[in-house]
Each structure stands twice: as structure tokens, then as C-alpha cells.
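Have a look at the structure below before the remarks.
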Amino acid sequence: MKDQFLAQLQRFWRGFLAFTPGQKVVAVAAVFALGAGGWLFSTWASTPSYAPLFTNLAPADASAIIDKLNANKTPYKLTANGTEIMVADKDVYQLRLAMSSSGLPSAGSTGYSLLDKEGITTSEFKQHVDYQRALEGELSKTIKALNGVADASVHLAIPQQTVFDDGSQKPTASVLLTTLPGTTLTSGQVQSVINLVSSSVPGLVPGQVSVSDANGRVLAAAGQADSATASDTRAAATQAFQQRLSSSAQAILDKIVGPGNAVVTTNADLDFGKSNATSTTYSYPSSLPALAEASTGETYGGNPSGSAGAAAIGANTVVPSASPSVSSSGGYIHNTDTRNNAVNTTTEVRTNAPGDVKRLTVSVVLNQQKAGSLDLANVKSQIAAAVGLDPKRGDVIAVSTENFDTSAAQTENALAAKAAKAAAAAKQSAQLISLLKTGGLALVVIAFVVITLIASKRRQKAQPPDDLDLFLSTLQDDPNSLPPPPLDIVPPQSREAQASAARQQQLAELAESNPQELARLLRSWLNAKDG
């Protein structure tokens, strides 16, 4: 096996030596490129994929974690301006557990873990300060979990409770937010931060929380957070309502005059006030008397000397009834009668939710070239029905036709068509360049193969036959023409015996050194004999 390998190696080496200088350079360059490509591929395949170990690290934590990784000879990458450490994907969870057992990361984790270090000899002031620091740390970690927030710092001003505290001092809070690059917090996110902080501190109201960002902008000032957020909410609600009405009207007009030939503008005045209304209704037939009535009568000596008459008592006034009294001496009788009539009573309480429409105005402009034969009154009624117009409420709708200026649209369409054409041309050019590169590479490979084959054939024609080829050709043409072996190493024999011994010896050497060539030679002889 070893001899065969050496024979093949010698054959390749002889073939390389037969190349021209240019062919040698090309062959060496191809071998070098193949080896470099294999090395790059093996390096890329063996490179592990990295995943974040920790993010948003403080400088002290990042330095301590890197020291640990260097001590353990663990490969890592430092990204995000030194605030993020990347390690091999397969080692992430193991390294997190190892770092957690070492208390890392520690900076910024000033949460309730601070209270674990409290001793029985800790003063009341230190307990108050530690509790405040722990609460600030927990709030900071919670706020950093919001999308778009890279870091958060919370400062609380909590008055210490004493027996002389009259409750006039209220807790306040300030929050400093560091957002991710290119991120702007919405008013809803700022309000969520305010509600989160105010709900976590006893006695803290949302109006006493101020929020700022790292650029110094005040996102919510103390005492103005509620009003600012309410104003943004009302504006967003009004815009959404107007957009919904305009979309409904635009959908109808696009079907009538076609897209781009109608413009709808809606302006809504919404009532965001909240009101309650209570009404009471009494129901009874008209023949019934009033709700309450009373009468008084007096009689002297058995004969009615006069009647005091019915004295009507005011409504909702109840006078206790007195049983008839008779005077034993003078025959005096005093009689009082009171009646309270029951009626049906209905009490209704109405609460108006914010967002009712106070007034609505709609403006519609149609392209005169497309709407010349349209009935504008019909269009007006259709749009009024689509937006829910109420004339009793004072709503107004205006529909008119004008000549639209389409130059901007034509210019925009021309630019869009030009851009699309340029993009298509660039795509075709890129495809052509890619095809040319691929074809050029294929031509180089084909040329190299063809040049190698031609050079090999020329070398085979120009190169004199080696000893083996000379022996085989001589043996095939005239087996008796071989020279006899030297007389000093071969015993005296006949000419034919010496030639036969020489042929046997050379065939044995050939079978031992190059069995494949011997097999090829014998196969060719057999084929020639059969033919």
C-alpha cells in the first residue's frame, strides 16, 4: 500500500515538473486557494455562536464579570459600548449561575436585598434610609423592563413619620429615564411610569411625580402630569374619531368619482366633560286629588254653628289625624281629617360619558372633470348619512366641485415610474454582473482544465519513455530481443534460457513494483490475441 502511494506521488510529481512555468504558477495558486478556502470554512464552522450573557451593565459590574471570565479563560465579546457581554451560546446559562453565585452583577441591584444586611443594632435612621434605597432600586429595575428604556433612576423623598407629624408633608418622587437610541417615549408610557411609582409608595399621588429624560427634557412635571396626559388623550381621541369619519366618507366617494378625485375633511367638537342628570316623575290620573289634604270642623251644642272649612295643607306635609272630641259641658265637637294620597314616582339618573359629539362639520371637494354630471344633493345626503350628521345639533356639510391640480401627482407618478425603471435596470445590471462573474469563473476553470490536458498530452508525446515503458514495448514487440543478464551473476546457460530467466526476473520486479501496469499490459495482450 505504501509503495503504491509513493508510486502515485512520484507520478504526480513528474507530471508537475513537466508543466511550463505559467502552468506551475497556476497549479500552485489553485492549490493555495483551495487550502485557504478549506481553512476559512473550517474556521467559520468551528467558531461558536455568541449570545448575550448580561445587558445594560454598569461599568463596575462589566469589569468584575470580565475579570471572572479572564480568570476562567472563557472567550467573550464586549458590545454595546461596554454595557453588554457576549459568550458562547452553549455556556450562557452555566455562566449566569456561576456569576450569580459570586454576586454579579451587583451594581444597580440595590433592591430589597439591602434589607438582608440589617442587624439588630441598626439605627432607626439607617433603617429608614435603607428602606428608601431598596424601594428606589426595585422601582428602577421594574421601569427598565419597559420597552425603549435602557436605564432608570428613581429618587424618593419620603418624610419620616413622627408623633409630631401633622400630615402636611407629602412624599414626592422624581424619575430620570435613559432611552435607547432612536426611541421616543409616548405620553402613555410616561403616564404608566408615573402610575407605577405613585402606586408603589404609600401616600404618593401621581401629581407629585416628575419624569425627565437623559437629554434634560421634562416629560411630566409635578402637578401637571394629569393635565398633560389628559390633553394628549383628548387630542388622540378627537383625531381618531375624525379619521374614522373621513375614511367612511372617502370610501363612498372613491366608488363614485374614483380614487384621487375627492377630498374629505372632518372637524369634530367633542365634549369630554362628565355630567350627571337626575329627574323625578310623578304619575297618577287627573281625577285624583292632591298628594295631601286636611279639613277641620267645629260643632256647638249639637248644631253646626259653623265650619272652619277645609284648610289645604301644603304638598308633602303630613298632619297627624285627631279623633273627634266632644265637650261634655257645652256640647262642643271638634273634628280634624287628614288624607295622604299615594302616587307612582319614577326617579331617573343619567350619566353622560366623555366623548359626546357637540358639533360636526364636513367639507367635501370633488374633481370637476369627474363630477360634472353628478347630483351634488344626492352626494351630500350620502355623505351626511355616512358620517351621522345631525342638523338639530348644528352640524354642517359642504359639497363643492373644483378643478384639481394634477401636476404634482403627475410629477410624482413620473418620478415613481423613473425610480421603478432605475431599480429594474439596476437589478438587471446586478444579475448580469453576477452571471458574468459566474461565467468568468467557469471559463477560468475550464481553461485551466483544458490547458492542463493539452500540456499533459504534449508532455507525454515529447517525453522519452522511461525504463518501464521501454521494457514493456520491447517485450511486446520481440521478447527475444532483451539483452541477457550479466555473466558474473548468472550461471552459464543457453541463450534462450538466459533470456527466459531475464524476462521472468523483470516480470517479477514489475509485478512487485507496479502491478497495475503489469495487469494492464497482460490485459492488452489477451485482447490482442483474442482479436
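Brief remarks follow.
- Among the protein heavy atoms of region 18-84, carbon and sulfur supply 68% of the accessible surface, probe 1.4 Å, non-protein parts ignored.
- Shown for region 368-443: the carbon plus sulfur share of the solvent-accessible area, taken with all protein chains present and a 1.4 angstrom probe, equals 58%.
- Solvent-accessible surface of region 1-113, averaged per residue with a 1.4 angstrom probe and all protein chains in place: 70 square angstrom.
- Taking 0.36 nm per residue of separation and subtracting the Cα-Cα distance, full extension of the segment from Asn413 to Ala385 would add 6.7 nm.
- Most to least accessible of Leu518, Leu176, Leu253, Leu436 (protein chains only, probe 1.4 Å): Leu436, Leu176, Leu518, Leu253
- The 1.4 Å probe gives accessible areas that order Lys170, Lys392, largest first, as Lys392, Lys170.
- Near-label residues of region 264-285 by backbone N, under 17 Å of a point 7 Å along Cα→Cβ of Ala353: 270-277
- Solvent exposure of region 370-451 amounts to 74 Å² per residue of accessible area, where only protein heavy atoms count and the probe is 1.4 Å.
- Net length gained if the chain between Glu512 and Ala447 were fully extended (0.36 nm per residue, minus Cα distance): 19.5 nm
- For Thr278 and Asp405, the FRET efficiency from 1/(1 + (r/R0)^6), where r spans their Cβ atoms and R0 equals 41 Å, is about 0.15.
- Extension reserve of the Ser212-Arg523 stretch, reckoned as 0.36 nm per residue once the Cα distance is removed: 102.5 nm
- Lys170/Ala290 FRET efficiency (R0 56 Å; Cβ-Cβ; nearest 0.05): 0.50
- Of all accessible heavy-atom area on region 234-276, the percent that carbon and sulfur account for (1.4 Å): 50 percent
- Estimated FRET transfer efficiency (Lys437, Glu124; beta-carbon r; R0 60 Å; 0.05): 0.15
The values are calculated or read from the model by the stated rules, or taken from the named source; none is laboratory data. Note that the coordinates shown come from a computational prediction; the quantities given were computed from them, not determined experimentally. When we count neighbours, we look across all protein chains shown, and the Cβ atoms used for this are built from the backbone with ideal geometry, even at glycine. Side chains included, ligands, DNA and RNA excluded: accessible areas come from the protein's heavy atoms. Shrake-Rupley method; radii C 1.70, N 1.55, O 1.52, S 1.80 Å.
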